[in-house]
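Participant: Have a look at this one before I ask anything.
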Amino acid sequence: VNYVGLSLYSILLYIDGNAKDIKNIGELSKTLGYSSCYLSHVFKSRMGMTLQQYLCQKKIEESISLIETKQTITSVSQLLGFSSPQSFSKAFKRVKGVCPQQYFSKEMIEKRYEEYRNEMIAIGVEVD
């Protein structure tokens, strides 16, 4: 049995289902029963990114869903455990390449829709 693979799988499952509730890597490692050094090492060696980067990415994905339901950036940043709306915006920009306000602008939404539409056409999905 590949225990490293199993532990990585359990880490991913836990983060994917609980990202908004995870405050930090220390808390995560304690919850999963691993040392933070072991957890970070295994994750980085197998995933090619740090555990912190992955957790941040998942929190930003969660934030997009929340903002789409008309929640404010301030409330979303608090809900996801960021220290301030500014730290949330910095993390968002690091992950998505633009700040939240730009990401949700009409122009960016139209651009993402066009990219999605082109991807669907490229794989043979009929689009209106």
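Participant: With all pairs of different alpha carbon atoms counted, what Kirkwood hydrodynamic radius in Å does the chain show? All intermediate terms of the calculation are to be shown ahead of the outcome.
Facilitator: Values: mean 1/r = 0.0609 Å⁻¹.
Taking the inverse mean of 1/r over all distinct Cα pairs, the chain comes out at 16.4 Å.
Participant: Let me ask another. Kindly provide the helix-only [θ] at 222 nm of the chain, computed as the sum of -39,500 (n - 2.57) over DSSP H runs of four or more divided by all residues, to the nearest 500 deg cm²/dmol?
Facilitator: Details: 8 runs with 94 residues, N = 128.
Only helices count here, giving -22500 deg cm²/dmol.
Participant: Starting from 0.36 nm per residue, how many nanometres of slack lie between S75 and S87 once their C-alpha separation is accounted for?
Facilitator: On the way: separation 12, 0.36 × 12 = 4.32 nm, distance 1.30 nm.
Full extension of this stretch gives 3.0 nm more.
Participant: Quick one: accessible surface of Y9, probe radius 1.4 Å, all protein chains present, in square angstrom to the nearest 10.
Facilitator: 140
Participant: So what's the angle, to the nearest 10 degrees on a 0 to 90 scale, between helix 3-18 and the longest Cα principal axis of the chain?
Facilitator: Tilt of helix 3-18: around 50 degrees.
Participant: For the chain, modelled as a GNM with alpha-carbon contacts under 10 angstrom, which of C37, C99, C56 fluctuates the most?
Facilitator: Largest GNM mean-square fluctuation: C37.
Participant: Run through the range 65-121 and list the trypsin sites (Lys or Arg not before Pro) located in a DSSP loop whose Cβ has at most 16 other Cβ atoms within 10 Å. Each step should come with its number before you reach the end.
Facilitator: Working: sites: K70, K90, K93, R94, K96, K106, K111, R112, R117; in loops: K70.
Counting only loop positions with at most 16 other Cβ atoms within 10 Å, the trypsin sites (Lys or Arg not before Pro) in the range 65-121 are K70.
Participant: Carbon and sulfur: what percent of the chain's accessible surface (1.4 Å probe)?
Facilitator: Numbers: 4490 of 8260 Å².
So the carbon and sulfur contribution to the accessible surface is 54 percent.
Participant: By how many nm would the segment from E107 to Y38 grow when fully extended, if each residue of separation counts as 0.36 nm and the alpha-carbon distance is taken off? Walk me through the numbers before you get to the answer.
Facilitator: Details: separation 69, 0.36 × 69 = 24.84 nm, distance 4.34 nm.
Length gained, E107 through Y38: 20.5 nm.
Participant: Next question. Restricting attention to the range 9-60, which trypsin sites (Lys or Arg not before Pro) occupy a DSSP loop and are surrounded by at most 11 other Cβ atoms within 10 Å?
Facilitator: Details: sites: K20, K23, K30, K44, R46, K58, K59; in loops: K23.
Qualifying residues, ordered by number: K23.
Participant: How much solvent-accessible surface does D128 expose, in Å² to the nearest 10, with a 1.4 Å probe and all protein chains in place?
Facilitator: Accessible area of D128: about 150 Å².
Participant: Now for a different question. Going toward the positive end of the dipole of the chain, with +1 on Lys and Arg Cβ and -1 on Asp and Glu Cβ, which of Y14, I25, F92 do you reach last?
Facilitator: Farthest towards the positive pole: I25.
Participant: While we're looking at this one, here's another question. Compute, for T50, the solvent-accessible surface of its heavy atoms (probe 1.4 Å) with the complete set of protein chains present, and express it in square angstrom to the nearest 10.
Facilitator: Here the accessible area works out near 50 Å².
Participant: Same structure again: Solvent-accessible area per residue for the chain at a 1.4 Å probe radius, Å²? Walk me through the intermediate numbers first.
Facilitator: On the way: 8260 Å² over 128 residues.
In whole numbers, the chain has 65 Å² accessible per residue.
Participant: Quick one: dipole size for the chain, taken about the Cα centre, charges +1 on Lys/Arg Cβ and -1 on Asp/Glu Cβ, in debye to the nearest 20.
Facilitator: Values: 16 positive and 13 negative charges, 132 e Å.
Here the chain has a charge dipole of around 640 debye.
Participant: Turning to a different aspect of this structure: Using R₀ = 25 Å, calculate the FRET efficiency as 1/(1 + (r/R₀)^6) where r is the Cβ-Cβ separation of I64 and Y9; round to 0.05. Present the calculation step by step, with values, prior to reporting the outcome.
Facilitator: Details: r = 25 Å, r/R0 = 0.99.
Calculated transfer efficiency: 0.50.
The values are calculated or read from the model by the stated rules, or taken from the named source; none is laboratory data. Everything numeric in this text was worked out from a predicted model, so none of it was measured. Don't worry about glycine lacking a Cβ; one is built from the backbone with ideal geometry, like all the others, and counts go over all protein chains shown. All accessible areas refer to the heavy atoms of the entire protein, side chains included, with ligands and DNA or RNA removed. Shrake-Rupley method; radii C 1.70, N 1.55, O 1.52, S 1.80 Å.
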